[in-house]
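**Student:** Can you keep this structure in mind? I'll have questions shortly.
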Amino acid sequence: MTVYNDESGTDGALRRSLGVSRRSFLSTCTAAAATAIAAPVIGASPAFAQPASHKGHDHGHGHGQDLVPAAKRGIILYTVRDATGRDPLSSNLPSGFREVFKELARYGYKQVEFAGYGQHANAPGGSNLETVEGAKLLRSWLDDYGLRAQGNHGFIPSSWPLNQADLDQFKRTLEIANILGMDHMGTGGDPTGSAYRADWDVAADKWNALGKIAHRAGIKLYTHNHDAAYGFLLDGGPLDAQGRPTRSSGIRKLEYFLKVTDPKTVWLEMDIFWAHVAQYKFHTYTAHDGSQRENIFDPAALVRRNNKRYPLFHAKDGVVNTTSGQGYDMVPFGTGVIDYRTFFSRVGEKNYRNPMVEQDNAPSSTDLAQSLNHARIGYDNLAALRK
C-alpha cells in the first residue's frame with residue numbers, strides 16, 4: 001500500500017476545536033441535559049458548537065467580509081428532493097428540476113450539487129435525466145438561471161477489481177458531469193463501512209484507480225463522510241476470533257484514507273454536521289497496549305492539515321440533543337449551534353471551498369413548501385456569515 005502523505009497524523013493532545021468549553025456548553029443546557037452529556041465525554045472538553053446567538057447573522061448590514069463569497073453559495077438538491085419529485089400537474093409549488101432551479105436562483109444560490117438525476121415523470125424532460133440528452137437539458141436550465149453544477153452524489157462502482165459494466169457506467173457518469181460543467185463528481189457514502197485497516201487499504205486502491213480515471217476526464221473525484229468514517233481505525237492489539245485487530249493507534253479512518261490515497265486524484269467532501277457527531281461520539285479509544293486514551297476530534301484542524309483535499313462541504317446545522325446517541329438533531333442551516341463563522345474562518349481558502357447547504361429532514365408531508373422555505377433560510381444564513 002502506497003502512503004501518499006503524512007500530513008494528517010493524529011495529535012492525541014488536541015484541544016482546540018470548533019466550539020465552547022464543557023463548562024460554557026453545560027451552562028446553556030438544562031440540568032437533565034448536563035447529566036446526560038457527562039457520561040460520554042468522560043471529563044474531556046467535548047468541543048461542542050457555539051450557541052446560535054454567537055453566530056452574528058448580520059446579512060444585509062455590510063459588516064465585515066463575507067466568509068462564503070456569493071459565487072460559492074450552494075445547495076445539494078437532496079434538501080429539496082420532494083420538490084424535484086413533485087408532480088407539476090397536481091401542485092402550484094415549484095416542481096421538477098427546471099422550476100426548482102428557478103426558485104433556488106431567486107433565493108440567491110449560485111451552485112447546486114445533484115443527488116441523482118431523477119424527477120417526476122410529468123416534469124419537463126421526463127423522469128430520468130441521467131443520459132447525454134438529459135444532461136444537456138439540465139445544463140440549459142442551469143445556464144438559464146445562472147447556476148453552476150458543482151458535484152453529484154452518484155454512481156461509484158461496487159465491483160473491485162472493476163468489471164466492464166461498472167467501468168462503462170462510471171465513464172458515462174463522468175461524461176454527464178462534464179456536460180453539466182462540474183469540477184467535481186462523487187458519492188454520498190463512505191469508501192467502506194469497515195473499521196479495519198486492511199479494508200481501508202482495499203478501498204484506497206479502488207479509489208486511487210477511480211480517481212485516475214476521473215482525472216483523465218478532467219473531474220475531481222470525491223467521497224463524502226458520515227460520522228462513522230471519523231471513528232477510530234482498528235489496526236493493532238490482540239486479534240479477535242476471526243483474526244482481526246481489536247485496538248487502535250488513535251488514527252481515524254478517513255485520516256488514514258487521506259494518507260494512502262493520491263492527493264492529486266482523490267478528494268473529500270466534509271459533511272460538517274456528521275463531523276460534529278463524530279466529535280461527540282468518538283473521543284476515546286483503546287490503544288494497542290490496552291489503555292484508554294482520549295482524542296477530541298477537531299474537524300476544522302483536519303481540513304487545515306489537508307488543505308486542498310477538501311474542496312467541498314455540506315453545511316448543515318444542528319441543535320444539541322444528548323439523548324439521541326449522536327449529540328445533535330438537524331435543523332435549518334443557521335438556526336442551530338454549530339459555529340460556522342468560526343469553522344469557515346479557520347479553514348480559510350474561501351475562494352476554493354464550495355459549501356452546500358443541506359438538511360436531510362427538510363421535506364415534510366404536511367407542509368409541502370417546507371423544504372424550499374428551509375432552503376431559503378439556509379441561503380440567507382450562509383450569506384450572513386462574516387468575519
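**Student:** Taking just the alpha carbons, could you work out the radius of gyration and Dmax for segment 73-133, both in angstroms?
**Tutor:** Looking at segment 73-133, its Cα Rg and Dmax stand at 11.0, 31 Å.
**Student:** Roughly how many nanometres apart are two label points built 7 Å out from the Cα toward the Cβ at K171 and T2?
**Tutor:** Inter-label distance under the simple model: 2.2 nm.
**Student:** Please go through segment 241-276 and write out the trypsin sites (Lys or Arg not before Pro) that DSSP classes as loop and that have at most 14 other C-beta atoms within 10 Å. Display every interim value, and only then the final one.
**Tutor:** Working: sites: R247, R252, K253, K259, K264; in loops: K264.
Qualifying residues, ordered by number: K264.
**Student:** Taking a probe of 1.4 Å, how large is the accessible area per residue of segment 98-234, in Å²? Please report the intermediate quantities before stating the final value.
**Tutor:** On the way: 5510 Å² over 137 residues.
Using a 1.4 Å probe on heavy atoms only, each residue of segment 98-234 averages 40 Å².
**Student:** I'd like to know which of N122, A203, G181 lies farthest towards the positive end of the charge dipole of segment 64-215, counting +1 on Cβ of Lys and Arg and -1 on Cβ of Asp and Glu.
**Tutor:** G181
**Student:** Where the centroid of each part is defined by its Cα atoms, how far is segment 152-185 from segment 102-119 in Å?
**Tutor:** 21
**Student:** Further, regarding this structure: What's the carbon and sulfur percent of segment 264-384's accessible surface, probe 1.4 angstrom, rounded to a whole number? Write down the numbers at each step before the final one.
**Tutor:** Details: 1790 of 3700 Å².
In segment 264-384, the share of accessible area belonging to carbon and sulfur is 48 percent.
**Student:** Starting from the Cα coordinates of segment 170-313, work out the convex hull volume and express it per residue in Å³. All intermediate terms of the calculation are to be shown ahead of the outcome.
**Tutor:** Working: hull volume 14.8 nm³, N = 144.
Looking at segment 170-313, the number lands at 103 Å³ per residue.
The values are calculated or read from the model by the stated rules, or taken from the named source; none is laboratory data. Here the structure is a predicted model, which is why all the values come from computation and not from measurement. As a convention, Cβ positions derive from the backbone with ideal geometry for all residues, glycine included, and neighbour counts pool all protein chains shown. Accessible surface is based on the protein model in full, side chains and every heavy atom, while ligands, DNA and RNA are left aside. Shrake-Rupley method; radii C 1.70, N 1.55, O 1.52, S 1.80 Å.
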